[in-house]
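S.K.: My structure is below; once you've seen it, I'll send some questions.
The values are calculated or read from the model by the stated rules, or taken from the named source; none is laboratory data. Please read these numbers as outputs of a predicted model, since none were measured by experiment. As a convention, Cβ positions derive from the backbone with ideal geometry for all residues, glycine included, and neighbour counts pool all protein chains shown.
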Ligand SMILES: Cc1cc2nc3c(=O)[nH]c(=O)nc-3n(C[C@H](O)[C@H](O)[C@H](O)COP(=O)(O)OP(=O)(O)OC[C@H]3O[C@@H](n4cnc5c(N)ncnc54)[C@H](O)[C@@H]3O)c2cc1C
Ligand SMILES: Cc1cc2nc3c(=O)[nH]c(=O)nc-3n(C[C@H](O)[C@H](O)[C@H](O)COP(=O)(O)OP(=O)(O)OC[C@H]3O[C@@H](n4cnc5c(N)ncnc54)[C@H](O)[C@@H]3O)c2cc1C
Ligand code: FES
């Protein structure tokens, strides 16, 4: 269900050179992704085609970042084993990001 | 409340307070064929009975209450048979833990006291404790093991009661804060905001932490201890534990609900005042409670806290309930203020209904008279 | 331990930053706390290095950068990346990030926590390709990333058009705009826009652009259902007044939202007086123009005092800063009046326009009614998956107020703690019990204001470090 947004990539600010040096590699569910140091995880992942960050704890249906302002809590992922909101946590080199495992419990 | 109100019909019984005590009494009274009004200043089961930890434990119940807790626990597990629906009660084993030598001694002592009162509790070693609860901190030294424990998600229980009460014909009056009772002819008049909102031949006072105030309406002073209990709930987690866990000193109650959330309690206190209903968290107590819980079940340290809340638990000096006739007042009864009252609530509520029906039940140990102080004195209304 | 500040400002949006800077200029010691990585808040959220290269440097970016620069040089102590999860009178604030906690104390507290988006459900809205309008806007602004290739924009209020404009700017496609407000409703408010020429100009430019691009704007309409297909969504659109579906479209992302409402965590916890704004459809703390609430030392500023947009938020922030200075004895009444006069004048003009926009965002009971009629299985509570039908059943079983409704359904008990579903629950209850929304109450505000990691709170400790109260009696 990947969405690969097309970007104009018009280079609005002449920072392309500087930008490239900020590129880092992190993983999401063991897959490598490219991000820019300091950008929010949710954005880096969506650019990489990841829309579903995890699943509903109740019934396992896929869920993604919804509010991007720390309200909905649906962007919760594990970053290096620590639960964090992907709309708040920022990308850094070598981050190991995983979805939270489905619970498989009742309601 | 409507401005114009016709004179309410005289009911057989008016029950004041729609927690587990009042609601159970009302239910069984109605089943005996009485016309019952159940009155609460808020909605049904929204105070202690709707916000409690829902532990059905013998390890933490006061020893003297074990026989009653056993019966209450049974009733919850079989709610279908008397409430007409399941309320989500789950039977699990229970463990009370010792991490230090001092706690080991305490454990032995407390287990023995409960065993004497009929709780099937045995003290086991670390290996057996870890077999029962693999999620435990492996530094555990000993545990009091009880095969009969369990829990209920308390917040939803009021719904089952509401339906059952309606089926039984009880008139439920919510959002009706009673502020006085008057004797008029052969019956009682229940007054709220200057109006008589109900009339009844008998009354049952079941106001939980507010019982001291209710008794004062009758000119009586009953000593009620009020605790402001703190509970902490996590987000849903994969299974991290399967039993009800406490520690020897009684300051922890921990279990994972079917939905995956873990509730941490154990009588840690917040601040609050029963008159205003205001409560607030004491930060050091929050940290202590959470540390103890995550020490005991280490995987809890990966969780996030979703919510913290406080509720008013009331207790008499001897932790035994006040159940029975109110001295000096005809056809007036009281029920409440027992330690761990959610567990024994259904059993005790039914007992009162049976007693009011003239059935031979033994309420001696619960006699409200033992709790009455002769001289009315100004009450503070503060909870520590 | 740093010095105890005179003022803590909670929230690093434009209002909070301006309040902090202004108070600092008057000589007060100020600490500002904000839970994003850098200050700026929602509108002026700092673009990532990547976003700076792919989206044009608009007014908000320039203004935001200026704000950050001002703050950096202001002498205000800034704690970014820290969220306030507890507040106690006096004031004690407990902060956490994902790893640690800390405590701040100050005699004055400015709640500048802004607004949160208001949502109403439609069938399929939990699909990960559906996000909030504010969320989509932040994704593009801060991340330089589009919600999707073909985005459907739905809901109410000016944010609809702002998001559509952002999507186009970033090179994306807007499939359609689905607006609960009708053209007539917009037209009725258009005249007031003339009072704010800047906003009018922007609005006209946006509309012209949409028209040029041939993007359909469906008024008086609402998404009825979004069904997941092979690799996109099949969306059915209906009229807010019911009846047969009016259109169906395909898209791979939906951005939806029904306007903003003040974020009330702090003021609710501190029991400040709140009033219900009928036209806007939300509660807000009662405050004077300087942001003083009825609780001593508690101020509220910016959108948190009632949603009025960025420009007003800035002015309110400055006013609050001056007010703080006066209340701390740094300036006299004459100076305060002098400083406040031009700000108040500017605010009076903007107020009319802002109010008109706020009322456009308020769809009233229409959405919930529509959803209940056409798709009762629609989830009103995303976290706990409570359907509208299940909510209706709980009400019929006797749940008569918000908190009983929550207890009997778990709607509002999940990780969002009711932030996503409170409005739906209120409308459902109000309609089913034929009462005003104000009469059915609100979810009780409790701690933590945001989830707190257990490990952050407990810290590293040994068993002996646990301070145990007295043991329970046997
Ligand atoms: C077992 C269990 C599990 C739970 N799990 C979760 C969970 O997973 N997620 C979650 O979010 N929550 C959970 N809860 C918490 C649930 O929301 C609690 O029941 C609730 O938080 C506690 O109270 P409340 O929010 O309903 O507050 P309320 O009950 O709404 O509090 C009402 C307040 O009004 C006050 N009051 C008293 N008198 C008056 C008066 N005269 N006028 C006005 N007000 C008055 C009362 O003192 C009280 O503090 C759980 C609860 C239980 C029991
Ligand atoms: C946080 C917490 C955790 C707990 N955990 C457990 C546990 O794990 N296991 C266990 O067994 N027990 C537990 N308890 C204890 C248990 O909840 C109580 O003992 C039990 O619910 C008491 O029931 P009640 O009906 O007497 O009181 P309540 O449920 O408090 O009911 C009293 C009712 O009286 C009403 N009322 C008061 N004044 C008036 C008035 N003037 N007019 C009309 N109505 C009025 C109130 O609104 C309320 O609904 C806990 C308690 C708390 C607070
Ligand atoms: S997307 Fe809602 S909290 Fe992160």
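S.K.: If the Cβ limit is 8 Å and pairs must be 6+ apart or interchain, which residue in the range B:213-234 that is under 22 Å from residue B:278 (Cα atoms) pairs with which residue that is within 11 Å of ligand 2 (Cβ to nearest atom) and part of a helix (DSSP H, G or I)?
M.R.: Note: pairs meeting the criteria are B:223/B:212; B:224/B:209; B:224/B:211; B:224/B:212; B:226/B:209; B:231/B:51.
S.K.: Output yes when any residue across the range C:353-362 is in a loop (DSSP other than H, G, I, E, B), in contact (Cβ under 8 Å) with a residue 40 or more places away in the chain and within 16 Å of ligand 1 (Cβ to nearest atom), and no when none is.
M.R.: No, the conditions are met nowhere in the range C:353-362.
S.K.: Given the conditions (1) out of contact with any helix residue (DSSP H, G or I) (no Cβ under 9 Å at 6 or more places or on another chain); (2) closer than 18 Å to residue C:451 by Cβ; (3) in contact (Cβ under 8 Å) with a residue 24 or more places away in the chain, and given that residue A:73 satisfies all but one, which numbered condition is not satisfied?
M.R.: Against the list (1) out of contact with any helix residue (DSSP H, G or I) (no Cβ under 9 Å at 6 or more places or on another chain); (2) closer than 18 Å to residue C:451 by Cβ; (3) in contact (Cβ under 8 Å) with a residue 24 or more places away in the chain, residue A:73 comes up short only on (3).
S.K.: For the range B:3-18, state whether one or more residues are within 14 Å of another protein chain (Cβ to nearest Cβ), within 16 Å of ligand 1 (Cβ to nearest atom), at pLDDT 95 or above and buried (at least 24 other Cβ atoms within 10 Å of the Cβ).
M.R.: Among the residues of the range B:3-18, at least one is within 14 Å of another protein chain (Cβ to nearest Cβ), within 16 Å of ligand 1 (Cβ to nearest atom), at pLDDT 95 or above and buried (at least 24 other Cβ atoms within 10 Å of the Cβ), which makes the answer yes.
S.K.: Follow-up question, since we're still on this one. Going residue by residue through the range C:57-76, is there one that turns out to be surrounded by 22 or more Cβ atoms within 10 Å (Cβ to Cβ) and facing another protein chain (nearest Cβ under 9 Å)?
M.R.: No, the range C:57-76 contains no residue that is surrounded by 22 or more Cβ atoms within 10 Å (Cβ to Cβ) and facing another protein chain (nearest Cβ under 9 Å).
S.K.: Further question: Restricting attention to the range A:93-101, does a residue exist that is away from ligand 2 (no atom under 16 Å from the Cβ), free of Cβ contacts under 8 Å to residues at least 60 places away in the same chain, assigned to a helix (DSSP H, G or I) and more than 7 Å from chain C (Cβ to nearest Cβ)?
M.R.: no
S.K.: In the range B:26-47, what residues are surrounded by fewer than 24 Cβ atoms within 10 Å (Cβ to Cβ) and within 7 Å of ligand 2 (Cβ to nearest atom)?
M.R.: If the condition is that a residue be surrounded by fewer than 24 Cβ atoms within 10 Å (Cβ to Cβ) and within 7 Å of ligand 2 (Cβ to nearest atom), then B:41, B:42, B:46 are the ones that fit.
S.K.: Among the residues of the range C:366-389, is there at least one that is within 16 Å of residue C:268 (Cβ to Cβ) and within 16 Å of ligand 3 (Cβ to nearest atom)?
M.R.: no
S.K.: Condition check: more than 24 Å from the chain's Cα centre (by Cα) and within 14 Å of chain A (Cβ to nearest Cβ). Does residue C:155 satisfy that?
M.R.: no
S.K.: If residue A:83 passes every condition in (1) facing another protein chain (nearest Cβ under 8 Å); (2) at pLDDT below 95; (3) within 16 Å of the chain's Cα centre (by Cα) but one, which one does it miss?
M.R.: Of (1) facing another protein chain (nearest Cβ under 8 Å); (2) at pLDDT below 95; (3) within 16 Å of the chain's Cα centre (by Cα), only one is false for residue A:83: (2).
S.K.: From C:281, C:297, C:329, which residue is farther than 18 Å from residue C:12 by Cα and modelled with pLDDT under 95?
M.R.: So the residue among C:281, C:297, C:329 that is farther than 18 Å from residue C:12 by Cα and modelled with pLDDT under 95 is C:281.
S.K.: So if I check each of B:191, B:170, B:178, B:140, which one is surrounded by 15 or more Cβ atoms within 10 Å (Cβ to Cβ) and over 30 Å from residue B:41 (Cα atoms)?
M.R.: When all the criteria are applied, what remains is B:140.
S.K.: Additional query: Report, by residue number, each residue of the range B:248-269 that is within 10 Å of chain C (Cβ to nearest Cβ) and in contact with a helix residue (DSSP H, G or I) (Cβ under 7 Å, 6 or more places away or on another chain).
M.R.: B:248, B:249, B:251, B:252, B:262, B:264, B:266, B:268, B:269
S.K.: If you take the residues of the range B:83-93 that are surrounded by 16 or more Cβ atoms within 10 Å (Cβ to Cβ) and farther than 20 Å from residue B:132 by Cβ, which of them is farthest from ligand 1 (Cβ to nearest atom)?
M.R.: Ranking the candidates gives B:83 first.
Residues checked against (1) under 21 Å from residue B:160 (Cα atoms); (2) in the same structural domain as residue B:277 (by TED's automatic domain parsing); (3) outside any helix (DSSP H, G or I); (4) within 16 Å of ligand 3 (Cβ to nearest atom):
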residue: B:22; (1), (2), (3), (4): yes, no, no, no
residue: B:27; (1), (2), (3), (4): yes, no, no, no
residue: B:43; (1), (2), (3), (4): yes, no, yes, no
residue: B:80; (1), (2), (3), (4): yes, no, no, no
residue: B:96; (1), (2), (3), (4): no, yes, yes, no
residue: B:105; (1), (2), (3), (4): no, yes, no, no
residue: B:112; (1), (2), (3), (4): no, yes, no, no
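S.K.: Considering only residues that are closer than 23 Å to residue C:193 by Cα and more than 7 Å from chain A (Cβ to nearest Cβ), which ones fall in the range C:128-152?
M.R.: Listed by number, the residues that qualify are C:133, C:137.
S.K.: Only one residue in C:428, C:449 is within 13 Å of ligand 1 (Cβ to nearest atom), touching a strand residue (DSSP E or B) at 6+ places or on another chain (Cβ under 8 Å) and more than 10 Å from chain B (Cβ to nearest Cβ), so which one is that?
M.R.: Step by step, each of C:428, C:449 is checked, and only C:449 is within 13 Å of ligand 1 (Cβ to nearest atom), touching a strand residue (DSSP E or B) at 6+ places or on another chain (Cβ under 8 Å) and more than 10 Å from chain B (Cβ to nearest Cβ).
S.K.: What are the residues in the range B:58-85 that are farther than 17 Å from residue B:146 by Cβ and free of Cβ contacts under 8 Å to residues at least 60 places away in the same chain, if any?
M.R.: B:78, B:80, B:81
S.K.: When the residues of the range B:48-58 are filtered to those that are within 6 Å of ligand 2 (Cβ to nearest atom) and in a helix (DSSP H, G or I), which remaining residue is nearest to the other protein chains (Cβ to nearest Cβ)?
M.R.: B:51
S.K.: If you don't mind, there's one more thing I want to ask. Need at least 1 residues that are within 14 Å of chain C (Cβ to nearest Cβ) and over 21 Å from the mean Cα position of the chain (by Cα) per element, so show me which strands (runs of 3 or more DSSP E) inside the range B:115-234 make the cut, counting only ones lying wholly within it.
M.R.: Qualifying strands (runs of 3 or more DSSP E): B:142-151, B:171-173, B:225-234.
S.K.: Among the numbered criteria (1) surrounded by 22 or more Cβ atoms within 10 Å (Cβ to Cβ); (2) in contact with a strand residue (DSSP E or B) (Cβ under 9 Å, 6 or more places away or on another chain), which one does residue C:405 miss?
M.R.: Failing condition for residue C:405: (2).
Residues checked against (1) farther than 20 Å from residue B:61 by Cα; (2) within 10 Å of ligand 2 (Cβ to nearest atom):
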| position | (1), (2) |
| --- | --- |
| B:237 | yes, no |
| B:245 | no, no |
| B:251 | no, no |
| B:254 | no, no |
| B:261 | yes, no |
| B:265 | no, yes |
| B:270 | yes, yes |
| B:276 | yes, no |
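S.K.: To continue, here is another question. Any idea which of (1) at the interface with chain C (Cβ under 7 Å from one of its Cβ atoms); (2) outside any strand (DSSP E or B); (3) within 23 Å of residue B:299 (Cβ to Cβ) is the one residue A:65 doesn't satisfy?
M.R.: (3)
S.K.: Considering only the range A:49-62, how many residues are more than 8 Å from chain C (Cβ to nearest Cβ) and in contact with a helix residue (DSSP H, G or I) (Cβ under 8 Å, 6 or more places away or on another chain)?
M.R.: So the count comes out to 0.
S.K.: Residue C:389 versus (1) surrounded by fewer than 19 Cβ atoms within 10 Å (Cβ to Cβ); (2) away from ligand 1 (no atom under 11 Å from the Cβ); (3) more than 10 Å from every other protein chain (Cβ to nearest Cβ); (4) modelled with pLDDT under 95: which is the lone unmet condition?
M.R.: The failed condition is (4).
S.K.: Name, by its number, the condition in (1) touching a strand residue (DSSP E or B) at 6+ places or on another chain (Cβ under 9 Å); (2) at pLDDT 95 or above; (3) assigned to a helix (DSSP H, G or I) that does not hold for residue B:350.
M.R.: (1)
S.K.: Give the residue that is farthest from the other protein chains (Cβ to nearest Cβ), with candidates limited to residues of the range C:362-383 that are over 21 Å from residue C:245 (Cβ atoms) and surrounded by fewer than 24 Cβ atoms within 10 Å (Cβ to Cβ).
M.R.: Residue satisfying both the conditions and the ranking: C:364.
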